[in-house]
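K.L.:
Submitted below is the structure of interest, expressed as structure tokens.
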Amino acid sequence: MMASASPEFIALCQSQVLLLTQALGATSTVVYLAEPSVSPVSPTLVPLVAYPDTAATWTSLNEILATMAGPDGALQANPQSGASNLLGTSETDSRSLASASLSADHPPQKKPEDDVSPEADDTLDDTPLVLPIAHEGAILGVIVSTRPASPWSQAEYQQAERVANTLAIACVMDRRGQWLQRQFSQQQLTQANQSATFHDLLHQFRNPLTALQTFGKLMLKRMGADDPNQSIAESIVRESRRLQDLAEHFDDAVAQGDEARHPPGAMPPLAGLLPSHPEDLTFPPANVVTEVNDPSHPLGRTLAVRAGSMAEVVTPLVQSAMALLPDRDLELVQDIPPDLPDVWLDPQAMREVISNLLDNAVKYALPGSLIWVTAGVVQTINGEVYQGIAVGDTGAGIPLEDQPHIFDRHYRGVQADSDIPGTGLGLAIVQDLVQAMGGHIEVISPVQIDHWVNPVPAEFTQGSGTLFMVWLRTV
């Protein structure tokens, strides 16, 4: 078998061997790599590159390496480990290299009495030049080079040693690259399996969702205009449509991931590994909101930010939330003027923002609490006018130590120890969507309810309270 190495590393070895051979006047040079054998402490030397690349070169240097080996070395030079037409078919038993001759601290040709400076031209013995390819104490391979009747000088040895050090570093990087490639391939296979599972689950999810929407429409047809349950049926239809839209965007996001994923085992081309040149990067003008084209966005699509009515988006969501409150002993009041100025928004993104905030308020408010939605608040930042809409409650509030992190993904703070289920993603999604629409969001806790609700209902549970304020830029 041949040594495990990338084409790039083999090309580097070929160039370094050619450089070494020409610079030192060697007649032949071979690079061997250490490949693990049965015992990891006794790897086998496998020939990788030879110059000149002839059968005579492979055979002669392999014999030299075996002749120099001692009986108890850590490495084995195996004459049969290369291609048979290059190494011959000799059945001679392989002999191991003496550990001293492969130590990076004790070069094989250098004797203690020859410890001279690099500039000295004192010659060493005239045996073949054998250099370990070593890194951090590990033997990665060996270089064997010969030339007839001409001893090696100290300067030549050090020049050859620099080549060996270069190959050692390149070998480490090459093996790390191969390891990363295996990890990459495994990750690709895992992602492919996950993608198939997602598609299957989405397919199964759509059937009951379609049935739920159909049942809601049938309920609306059978109800009279004055039926008190009509708002509940309308909410079922509206929320089922919302789930249907989310399922479609989720399917698109998975499909985009499938297209972006390389086939298993494939590495990106070189251009894909290089950073973009700064001159090739373009940025939109400041304070201009048009659209956000990001497949990884919470909506899984491009946000179409346009002028729209905040009241038209929010009012139906408040009505849906009211249908859930009687069973939870909660009360909701709203103050959403219908004549608010238009703001820059994406209607579906805005629905997700308010739905998440209302869901959180209902989920975490204690029985007897008050929830409110107030719009018509205005602020000016850097000459830009923003309309605000507040979603608040009189619940337990958010501890001050948790507030800097509540918009972090998967962060739940004190709620992580509660019995209330959650993933810690809702507020992170809310912040992403608000910022994508060119706005910002802030949290206030504790909060003074009489600053937001007038008049204050007579009976409710007063806690520290929490208020989320969403600001969107006025058209």
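Where a number appears in this text, it was derived from the coordinates with a stated rule and is not lab data. Because the structure is a prediction, the values reported are computed rather than measured. Every residue, glycine among them, receives a Cβ derived from its backbone with ideal geometry; neighbour counts consider all protein chains shown.
K.L.:
If one computes the Cα centroid of the range 358-401 and of the range 157-180, what distance in Å separates the two points?
P.N.:
61 Å
K.L.:
Work out the length of the dipole vector of the range 329-475 about its Cα centre, built from +1 on the beta-carbon of each Lys and Arg and -1 on the beta-carbon of each Asp and Glu, and round it to the nearest 20 debye.
P.N.:
220 debye
K.L.:
Round to the nearest 0.05 the FRET efficiency obtained for Leu246 and Val172 when R0 = 35 Å and r is the Cβ-Cβ distance.
P.N.:
According to the calculation, E is roughly 0.15.
K.L.:
Here's a follow-up. Determine, for each peptide in 185-193, 311-319, the mean count of other beta carbons within 10 angstrom over its residues, then list the peptides with the highest first.
P.N.:
Result, highest mean first: 311-319, 185-193.
K.L.:
Would you mind getting me the FRET efficiency between Arg206 and Val377? Use the beta-carbon distance for r and R0 = 35 Å, nearest 0.05.
P.N.:
Efficiency, rounded to the nearest 0.05: 0.30.
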